[in-house]
Amino acid sequence: MTYEPSEAVAFRQRLLTSPGERAEVDYKSSAPFDSDDNYTLKLIRHIQGMANADGGWLVIGFNGTPPKRDPNHTDGVCSSYDPTEVSKRVNSSVARGQRIRLTVYFEAHPETGARHPLIRVEGFNRLPYICRSNREATDTTERILRQGAVYLRRPGAETSEVSTPEDWEDIINRCVGLRRDEVLTEFRELFNRMTTPTPPSLSTTEELSGWMEQMRERSLEKSKEGSSE
């Protein structure tokens, strides 16, 4: 979903003033993003799952149900979410050639003045994101990321591997829908070019003449082959 600048600011403010987890919004407790600990790796897994579920938002510095501001949240924690570093770490966790599109906003709470990192994750364009390697948490030795896994965010703020036929159907339907939109966009552009009366450029005319000459030569070659038989 795209917002105008003023609407985007108002939306991010509502995430702080009216916290509530839903399909596209998840709230996380306050912890720094600076190591391969349990919290950081799980956050990366959540980002992968959200990107495979049409995107969403992760709000840092809230805990509990319903979410309330984490009293341990500090500006130092907020500063650890450097956009370049977050993007680098996240993209190093997915298959080579893939890149998760995300943006980190630093939004000040209108009542407390405390800054909170808000991570906007965009959904995939053509193919789902695949985990690149196995990663264990340095503080718990728990394996958080598994090589080859496709993670998916589910209702109830849960992120887990795609494993059931229904999971794969969901992923496949997303891929088909995106490809369909892509083809329709290309068809519209082609149709507009065909119905817009513009004189062909010299390069277009030359390409057409060259193509016709190639077709003529191929036709002559086939005729010779047929006569020799």
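Just so it is clear, none of the values below were taken in a lab; they were calculated from the coordinates. Just so you know, these numbers come straight off a predicted model, no measurement behind them. In this analysis, Cβ positions are derived from the backbone assuming ideal geometry, glycine residues included, and neighbour counts consider all displayed protein chains.
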- Query: Measuring from label point to label point, each 7 Å out along Cα→Cβ, what is the Thr74 to Asp36 span in nm?
  - Reply: 2.6
- Item | FRET efficiency, Arg120 to Glu213 (Cβ-Cβ, R0 45 Å, nearest 0.05) | 0.25
- Task: Can you tell me the dipole magnitude for the range 1-108 around its Cα centre, using point charges on the Cβ only (Lys, Arg +1; Asp, Glu -1), in Debye to the nearest 20?
- Result: 260
- Query: So, counting K/R as plus one and D/E as minus one, what does the shell of residues with Cβ under 11 Å around Tyr151 add up to?
  - Reply: +2
- Query: On alpha-carbon atoms, Rg over Rh for the range 51-105 using Kirkwood Rh?
  - Reply: 1.03
- Query: Would you list Met212, Met50 from fewest to most Cβ contacts within 10 Å?
  - Reply: Met212, Met50
- Message: Taking 2.2 N^0.38 Å as the expected size of a compact globular protein, what ratio does the Cα radius of gyration of the range 111-176 give against it, to two decimals?
- Response: 1.44
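Among His116, His46, what is the fewest-to-most ranking by other Cβ atoms within 10 Å?
Exposure proxy ranking, most exposed first: His46, His116.
Contour minus end-to-end for Asn173 and His109, with contour as 0.36 nm per residue of separation and end-to-end as the Cα-Cα distance?
19.2 nm
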- With a ≥ b ≥ c from the Cα gyration tensor eigenvalues, square-rooted, and the rule rounded for a/c under 1.5, otherwise prolate when a/b > b/c and oblate otherwise, the range 1-104 is oblate
- Item | Gyration tensor verdict on the range 68-147 (Cα atoms; rounded if a/c is under 1.5, prolate if a/b is larger than b/c, oblate otherwise) | oblate
